[in-house]
Amino acid sequence: MPQKQVSQDRKARIAEMQQQEKARESRVRLQIIAGLTVLLLVLAAAITYAVLKERNNQPDVAIESIGVSSSAASCDAVTTDAATGNGKHVGPGTSSPGTTKVTYDTVPPSTGPHFAQPVASNSSNFYTAQDRPKIEVLVHNLEHGYTVLWYDVTAGAAKKAELEQLARVANKTEWAKNKFIVSAWDTSYGELPADKKFALSHWSATLSADGTKVASQAGHRELCGDLSGAVVKAFVQEFPLTSAPEPGAA
């Protein structure tokens, strides 16, 4: 074979080998890029999941998943009740020691005379019919800026876990800050409406410029047919713990 032909064949083989090597390098690069892309997508998905999970675990968000939606809770409009009994203590240790029970104007009460000592915030702020504080005690808590969620004992039995969760989660929020109580309603103070098994109460007030006197006050209630964390959140945010005759009291 002529030398010239051999040289051309050799060059052709070298060119083919170079082309094959470039093709191999290109495939490797594409495989690396594809691998990195998959890794980045997996990492992005993991980060997104972690962020969403953390967000959903935040009290402000988690509370809305408890119970039914606000539209499904069958709630009446929020009431505005005339306020009475600010600073009026009755019962043991007061000038009216013989008063053992107060007849309140509304069911449940949102304001009114009350016993001298409120209940201290505990680890759960949840009470059953067996350990609930007296209504007169909880009305004192209302005066201090608490919101109370009262529940019908029969309806509450089926929702006990959700009620406990609601008390726990709500008190972790910035807008409740351990001033939210869930308690079984005592029917000796009056029956909740037949179709309303859950009721929120808050005693709101505005203070004078120097903060020493109550300028105006009112009670507020919202009665619902079903339990809704979203309703609780909206109610407490509308009537915050700072809106009370004695907001600085424990």
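What net charge do the residues around residue 106 carry, taking every other residue with its C-beta under 11 Å from that of residue 106, with Lys and Arg at +1 and Asp and Glu at -1? Net local charge, residue 106 excluded: -1.
Name the helices (complete DSSP H segments) of the chain with a Cα length along the long axis of 18 Å or more and a Kyte-Doolittle mean of at least -1.0, or state none. Don't jump to the answer; show the numbers that get you there.
On the way: long enough: 3-57 (80 Å, -0.26).
Within the chain the helices that satisfy the rule are 3-57.
Work through the residues other than residue 243 whose Cβ is under 12 Å from its Cβ and net out their charges, Lys, Arg +1 and Asp, Glu -1.
The answer is -2.
Quick one: among 109, 92, 118, which has the greatest mean-square fluctuation in a GNM of the chain with alpha-carbon springs under 10 angstrom? Between 109, 92, 118, it is 92 that shows the largest mean-square fluctuation. Between segment 146-224 and segment 58-97, how many Å separate their Cα centres? Between the Cα centres of segment 146-224 and segment 58-97 lies a distance of 3 Å. Does segment 92-237 classify as rounded, prolate or oblate by the C-alpha gyration tensor (a ≥ b ≥ c root eigenvalues; a/c under 1.5 gives rounded; else a/b over b/c gives prolate, otherwise oblate)? The shape class here is oblate. Across 97, 113, 193, mean-square fluctuation computed from a Gaussian network of the chain (C-alpha pairs under 10 Å connected) peaks at 97.
In terms of packing, defined here as the mean over residues of other Cβ atoms within 10 angstrom, the peptides 158-170, 130-142 line up highest first as 130-142, 158-170.
If you place +1 on the Cβ of every Lys and Arg, -1 on the Cβ of every Asp and Glu, and leave all else neutral, what size is the dipole of segment 114-250 about its Cα centre, to the nearest 20 Debye?
Working: 13 positive and 15 negative charges, 51 e Å.
In debye, rounded to 20, segment 114-250 gives about 240.
Read-outs: derived from the displayed coordinates by stated rules, not from any lab. Note that the structure is predicted; figures quoted are calculated from it, not measured. Positions of Cβ are generated from backbone atoms using ideal geometry, with glycine treated the same way; all protein chains shown enter the neighbour counts.
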